[in-house]
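Worksheet: one structure, shown below.
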Amino acid sequence: MPELPEVETIVQGLKTTLSQQKIEQVRIYDSKLAKMLAGKQITGKRIVNIRRRGKYIIFELNEGLNLIVHLRMSGRLLYQQNERKPLRWVRAVIKLDNGLLVFQDRRRLGVMELSRSDDLNCRLGVEPLSPEFDSDYLGQKLAAGKRPIKVFLMDQAIIAGIGNIYAQEILFAAGIHPRRQALSLGDNEIERLGEAIRNVLRLAIRHQGTTVSDFQNADGTEGNFQNLLKIYGREKEPCLICQTPIKRIKQQGRTTYFCEQCQK
DNA sequence: CCGCCAGCCTGAAGGC
DNA sequence: TGCCTTCAGGCTGGCG
């Protein structure tokens with residue numbers, strides 16, 4: 001479900017409330033999750049910091065331990081001050097000294113693991129909102145990209161955090177056709193693409209992410225960016241710029257919407 | 001080495 | 001009403 005802006009929204013929502021809280025109890029309700037955490041002990045540890053890397057949520061605990069959560073398609077992390085009526089699809093509950101962190105996951109694809117080192121950095125490319133991400137980096141990676149630009153943008157080893165919705169919004173904003181080969185982009189297009197990546201992601205964070213079905217912030221509220229989507233989910237609707245009906249195609253098994261008039 | 005696809009899961013929605 | 005198919009915001013491993 002969530003991409004960078006949604007994960008960022010969750011992390012911001014949890015950061016101040018969870019920092020310095022102690023983990024009093026961990027309850028697991030899912031066999032796969034139990035296996036992932038088998039033999040690991042986090043009861044009694046304190047949450048020192050919470051941060052995001054790509055689409056991963058990292059709870060930094062004392063003694064150098066990291067609890068890493070990936071919500072995949074339908075996971076949620078909800079913070080509750082007091083125990084409330086039971087929710088569906090609860091896979092784990094972490095009881096803190098002043099509240100509860102509930103891991104809810106309808107499709108059970110989410111992942112939770114405990115690690116000592118930060119091996120995420122080996123798997124993930126740069127953060128698109130960091131200074132490291134500039135036209136030089138993007139241009140250099142694009143030059144080696146034989147795949148379509150849409151698929152390239154979703155490669156977490158190149159840029160961390162862009163998924164299916166934002167890849168499409170970014171390409172629409174940049175006026176680039178999703179089937180263009182990555183290495184075919186010219187200098188102006190690279191510049192435009194970099195700007196679009198930063199602008200779309202920043203705007204989506206400002207609007208607390210996109211809720212099309214499952215996404216909720218840590219306090220249970222939904223995002224607002226779905227009201228600002230310009231291309232995703234709009235098959236056959238007139239393009240907001242040129243009125244041409246929006247097209248829908250498949251790329252590597254994922255749906256892509258685009259305007260063949262505005263995206264060249 | 002690289003690109004692609006099935007598989008992992010469940011539930012909602014649409015067709016018949 | 002109910003059954004069947006398709007689809008969904010992600011990632012991985014294995015195949016060609």
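Quick look at the numbers
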| item | result |
| --- | --- |
| Of the criteria (1) assigned to a strand (DSSP E or B); (2) aliphatic (A, V, I, L, M); (3) under 17 Å from the mean Cα position of the chain (by Cα), which one residue A:249 fails | (3) |
| Residues within the stretch A:138-155 that are surrounded by fewer than 15 Cβ atoms within 10 Å (Cβ to Cβ) and part of a loop (DSSP other than H, G, I, E, B), tallied | 2 |
| Residue under evaluation residue A:65, criteria (1) within 16 Å of DNA strand C (Cβ to nearest atom); (2) over 16 Å from residue A:101 (Cα atoms); (3) touching a strand residue (DSSP E or B) at 6+ places or on another chain (Cβ under 8 Å), criterion not met | (1) |
| Single residue of the stretch A:99-112 satisfying the filter (in contact with a Leu (Cβ under 9 Å, 6 or more places away or on another chain) and surrounded by fewer than 18 Cβ atoms within 10 Å (Cβ to Cβ)) that is nearest to residue A:41 (Cα to Cα) | A:111 |
| Candidates A:214, A:187, A:219, filtered to the one that is within 16 Å of DNA strand B (Cβ to nearest atom), outside the structural domain of residue A:80 (by TED's automatic domain parsing), among the acidic types (Asp, Glu) and surrounded by fewer than 20 Cβ atoms within 10 Å (Cβ to Cβ) | A:214 |
| Test: residue in the stretch A:40-51 that is away from DNA strand B (no atom under 16 Å from the Cβ), farther than 27 Å from residue A:161 by Cα, part of a loop (DSSP other than H, G, I, E, B) and of a type in the set (Ser, Thr, Tyr) | yes |
| Given (1) surrounded by fewer than 21 Cβ atoms within 10 Å (Cβ to Cβ); (2) under 14 Å from residue A:103 (Cα atoms); (3) in contact (Cβ under 8 Å) with a residue 12 or more places away in the chain, number of the condition residue A:45 does not satisfy | (2) |
| Top-ranked residue of the stretch A:92-137 - restricted to ones that are more than 16 Å from DNA strand B (Cβ to nearest atom) and part of a helix (DSSP H, G or I), ranked as nearest to residue A:80 (Cα to Cα) | A:120 |
| Subset of the stretch A:52-90 that is more than 11 Å from the chain's Cα centre (by Cα) and of a type in the set (D, E, K, R) - its residue that is nearest to DNA strand B (Cβ to nearest atom) | A:88 |
| Residue count, the stretch A:245-259 (criterion: more than 13 Å from DNA strand B (Cβ to nearest atom), surrounded by 17 or more Cβ atoms within 10 Å (Cβ to Cβ) and not hydrophobic (A, V, I, L, M, F, W, C)) | 2 |
| Matching residues, the stretch A:113-136, being surrounded by 16 or more Cβ atoms within 10 Å (Cβ to Cβ) and either of a type in the set (Ser, Thr, Tyr) or within 13 Å of DNA strand C (Cβ to nearest atom) (or both) | A:120, A:124, A:125 |
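Yes or no, residue by residue, for (1) of a type outside the set (A, V, I, L, M); (2) assigned to a helix (DSSP H, G or I); (3) in contact with a Phe, Trp or Tyr (Cβ under 6 Å, 6 or more places away or on another chain):
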{"site": "A:166", "(1), (2), (3)": "yes, yes, no"}
{"site": "A:173", "(1), (2), (3)": "no, yes, no"}
{"site": "A:179", "(1), (2), (3)": "yes, no, no"}
{"site": "A:196", "(1), (2), (3)": "no, yes, no"}
{"site": "A:214", "(1), (2), (3)": "yes, no, no"}
{"site": "A:217", "(1), (2), (3)": "yes, no, no"}
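The values are calculated or read from the model by the stated rules, or taken from the named source; none is laboratory data. Just so it is clear, the model here is predicted, and its values are computed rather than measured. With ideal geometry, Cβ positions are generated from the backbone for all residues, glycine too; neighbour counts draw on all protein chains shown.
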